[in-house]
Amino acid sequence: MSAADQVLVAEGFTPPGPGDFELPAVFGDSLLFTKPALLLVLAAVLVFGFFLVTSRKMAMVPSKAQYAGEEAYSFVRNGIARDIIGSSDFIRFVPLLVALFFFILINNVFGIVPFIQFPSFSRVSFAYALAGLVWVLYNGVGIWKHGLFGYLKHVTVPGGIGGPILLLIIPLEFFSTVIVRPATLALRLFANMFAGHLLLILFTLGAEYLVFEAGKAAYTPVGVLAFLMAIAISFLELLVQFLQAYVFTLLTAMYISGALAEEH
Amino acid sequence: MAFGYPIGGAAFYGGVGWLLDRWLETSFLFPVGLLFGIGLAIYLLFKLYLNAA
């Protein structure tokens, strides 16, 4: 083919970009309620429903459903809450951590569920809201435990460092615990979901274009390869989706434990 | 956890440098502040982790 043809082929494909994350409204044209908002509600209903169904008829010899519910609950209860926060204080935070983990997990896995295929937290505002909730929680816990000034001292003065360098360290500590923490917590979740979804749409749209629209028989095997890559990346995404839900919950537990600690 | 310190340091001391630049009408204090913040964060991390170990 000539160079001009190649340019034409290259121009026929519109690569996916951030615009693909701006979905139309679900009802009417109010952008207050879009697909990701609908998915958040769906995820909340699913998490609530799962734990309701699996804990409704509790028995000494558990049914399969009860067993699944208990395993899911104890994974977060023992694996995250008790290990990180410690056995004296953890129990009051378990409901929040379990809800947080499964809510994020379901929302992330939506990214590869056929016909849904959108991870809600690839919209950054939702991740900010969730991190804001965690921020209010760990700072609230710290203030409740140490008092306002006690907590400020706890946050800004690291143990084992004295002398004039403290003057330089105090604003740094304050910045990194109070301001940077919620931002990195939100952006880590958002960026992973955003990048994963972008990769998936790139490979699937690319495959579709190469096979059906490029009009060159030679491109078909490449398109098929791109489609196989999309499937492989879906499995990789499943891992990332689980990992990000886990990391978010784990860091929440670590922040709570840090706010509760007696000494650094 | 440790990741937040260099970012916080760069954000705070970079910000201080940037404000000083605007005030003094210079342009070198912003990068100096950034590097100083990151350096201080690394110093702090060394101190904290050596104390913990």
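Readers should treat all values here as calculations from the given coordinates under stated rules, not as data from a laboratory. Note that the coordinates shown come from a computational prediction; the quantities given were computed from them, not determined experimentally. As a convention, Cβ positions derive from the backbone with ideal geometry for all residues, glycine included, and neighbour counts pool all protein chains shown.
Some notes on this structure:
- Per-residue average of Cβ from other chains inside 10 Å of B:8-18: 4
- Peptide A:165-171, shielding by other chains (average Cβ, 10 Å cutoff): 4
- Here the spin labels are modelled as points 7 Å beyond Cα on the Cα-Cβ line, and at A:Thr184 and A:Gln117 they lie 3.5 nm apart.
- Shape call, the protein assembly as shown: gyration tensor on alpha carbons, a/c limit 1.5: oblate
- Cα gyration tensor category, rounded, prolate or oblate, for the range B:4-52 with a/c compared to 1.5: prolate
- Listed residue (A:Tyr73, A:Phe203, A:Ile106) projecting farthest to the positive dipole end of the range A:3-260, Cβ model: A:Tyr73
- Cα centroids of the range A:226-264 and the range B:1-20: 25 Å apart.
- Simple Cβ-charge dipole of the protein assembly as shown, Lys/Arg +1 and Asp/Glu -1, about Cα centre, in debye nearest 20: 940
- Axis of helix A:35-56 versus longest Cα principal axis of chain A: the two differ by about 60°, to the nearest ten degrees.
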